[in-house]
Amino acid sequence: MNGSVNRAEYEKVQISPWQLFALLMITRLVPVVIGFPLASVTTQEQDLWIGVLLSVPISQAYSLLVVRLCEAFPGKSLIGILLHLLGPVLGRFAGLLLLNSWILILAAMLRAVAEVNVAAVTPETPVVVFLALLAAAAVYAARKGLEPIARGSEIVLIILSGFFLFLLVLPLNLAEPSNLLPLLEHGWETVILGTLNTVSFYTEFAIAGMLLPHLRHRKGGRKPVIGAVFASSALLLVFIVVLIMVFGSLLSSIAFPAFSLARVVSVGEFIERTESLGMVAWVLTHSLKCSLFIWACAVGLAEVFGIPDAKPLMAPLGFLSVALALTFFRDGFELYRFFQVRTGGALNLGLHLVLAFAVLGGLAWKKLTTGK
């Protein structure tokens, strides 16, 4: 890692393929359990599930590019690979662009879970209090290292899976299959927007480039990454279908679809207002993903600037994420714009497309100049 981060400490950290799978699943599903931006892409909601299907091969191709890079440069993180392929200047610039996108995602996650908590659960709590508590917990976990985060992901994924099972099965008595029709009534615009929106969130799987160097079996990264794309896509597909059948034309106007779905669910006559149960899953998943992104950003920044220890960077990153959550995302509308493919999503897709071409160009240049 170009001598930047303490190599001995860095290399002894190891995670299992199952933990890699769990971390990637949580990374992808966090936007779904709160705002679910896909649901508000368009008012022609009945075609959104087609976009999810079409996004799978594109998302797989991008994820496999990250895996292939880490296999080609064993022991190097994605930031280290950028520095190696693009040189010290362009590599640092590309690395900072990628890290900047992760920091914005981190701030958006903090704001999203704070918004739903303040708006629907404890409206008397100031947003800044919830942001500070969540960021402090994330920084604390990040400072403990990747291994505790990875172990926690196994438990959190089980809780999250139970929550989704709960959401997908219990509301079926309210479902109207006719809401899925007619298909393609207004052409392919909804399908294209749904595909691009879904793919824009799968670019977050670039975080796997920071995790794969720690995999116990260096050649075992493909199965958990491919499995995470397929499993999360399947869950996403079923979830959007259930939302369409339950809410119909109202779906695009609902700010927090998963929360709203939990509110309409009751178990017999003795468990109602089940959205409170969902808050456990929401806070746990967001806390874990925030911890992962703080860890990855700190390690990446340490590599870019040649800092021997990433831990001192974690607390400042926590403060920065809270500040961005309060200023860059001043309200729910700013958060909505950031996640939409027509605005922030397009910039995110463009960034990762440019980085992908830059990496492929760097690989071709290395092969041309070295003959390998």
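Restricting attention to segment 159-214, the residues that are aliphatic (A, V, I, L, M), under 17 Å from Ile26 (Cβ atoms) and either crowded, with 21+ Cβ neighbours inside 10 Å or modelled with pLDDT of 95 or more (or both) total 8. Which of (1) within 24 Å of Arg263 (Cβ to Cβ); (2) of a type in the set (Asp, Glu); (3) in a helix (DSSP H, G or I) is the odd one out, the single condition Asp47 does not satisfy? Tallying (1) within 24 Å of Arg263 (Cβ to Cβ); (2) of a type in the set (Asp, Glu); (3) in a helix (DSSP H, G or I), Asp47 fails exactly one: (1). Within segment 177-192, the set of residues being touching a residue at least 40 places away in the same chain (Cβ under 8 Å), out of contact with any Ser or Thr (no Cβ under 6 Å at 6 or more places or on another chain) and either within 19 Å of Phe259 (Cα to Cα) or assigned to a helix (DSSP H, G or I) (or both) comprises Pro177, Asn179, Leu180, Glu189, Val191, Ile192. Screening the candidates Val89, Val113, Val56 for the property of being under 17 Å from the mean Cα position of the chain (by Cα) and surrounded by fewer than 24 Cβ atoms within 10 Å (Cβ to Cβ) yields one hit, Val56. Here is the figure for segment 257-288: residues that are closer than 17 Å to Leu48 by Cα and either modelled with pLDDT under 75 or not in a helix (DSSP H, G or I) (or both) total 0.
Taking segment 304-349 as the range and being at pLDDT 90 or above and among the small types (Gly, Ala, Ser) as the test, the residues that pass are Gly306, Ala310, Ala315, Gly318, Ser321, Ala323, Ala325. Note on segment 112-137: residues that are at pLDDT 90 or above and within 12 Å of Ala325 (Cβ to Cβ) amount to 5. Within this structure, Arg263 passes the test of being surrounded by fewer than 24 Cβ atoms within 10 Å (Cβ to Cβ), basic (Lys, Arg) and closer than 28 Å to Val118 by Cα. Checked against (1) closer than 30 Å to Gly361 by Cα; (2) among the aromatic types (Phe, Trp, Tyr); (3) out of contact with any His (no Cβ under 8 Å at 6 or more places or on another chain); (4) at pLDDT below 95, Phe73 passes all but condition (3).
Considering the conditions (1) surrounded by fewer than 22 Cβ atoms within 10 Å (Cβ to Cβ); (2) out of contact with any Phe, Trp or Tyr (no Cβ under 9 Å at 6 or more places or on another chain); (3) under 21 Å from Ala356 (Cβ atoms), Gln44 is excluded by exactly one of them, (3). When segment 23-42 is filtered for residues that are under 14 Å from Leu243 (Cβ atoms) and either part of a loop (DSSP other than H, G, I, E, B) or among the β-branched types (Val, Ile, Thr) (or both), the ones remaining, listed by number, are Val32, Val33, Ile34, Gly35, Phe36, Val41, Thr42. Only a single criterion out of (1) in contact (Cβ under 8 Å) with a residue 24 or more places away in the chain; (2) surrounded by fewer than 17 Cβ atoms within 10 Å (Cβ to Cβ) is not satisfied by Val66, namely (2).
Selection within segment 289-340: residues that are in a helix (DSSP H, G or I) and among the acidic types (Asp, Glu). The member of this set that is farthest from the chain's Cα centre (by Cα) is Glu303. Selection of segment 150-176 for residues being in a helix (DSSP H, G or I) and not hydrophobic (A, V, I, L, M, F, W, C) yields Arg151, Gly152, Ser153, Glu154, Ser161, Gly162, Pro171, Asn173.
In this structure, is Leu65 in a helix (DSSP H, G or I), over 15 Å from the mean Cα position of the chain (by Cα) and farther than 30 Å from Leu165 by Cα? Spelling it out, Leu65 is indeed in a helix (DSSP H, G or I), over 15 Å from the mean Cα position of the chain (by Cα) and farther than 30 Å from Leu165 by Cα. Residue check: is Leu131 over 20 Å from Ala255 (Cβ atoms) and more than 17 Å from the chain's Cα centre (by Cα)? Spelling it out, it is not the case that Leu131 is over 20 Å from Ala255 (Cβ atoms) and more than 17 Å from the chain's Cα centre (by Cα). Of all residues in segment 17-32, none that is more than 14 Å from Leu237 (Cα to Cα) has its Cβ atom under 6 Å from the Cβ atom of a residue that is among the acidic types (Asp, Glu) and not in a helix (DSSP H, G or I), 6 or more apart or on another chain.
The values are calculated or read from the model by the stated rules, or taken from the named source; none is laboratory data. No experiment lies behind these values; they were computed from the predicted model shown. A quick note on method: Cβ atoms are made from the backbone with ideal geometry, for glycine too, and the neighbour counts reach across all protein chains shown.
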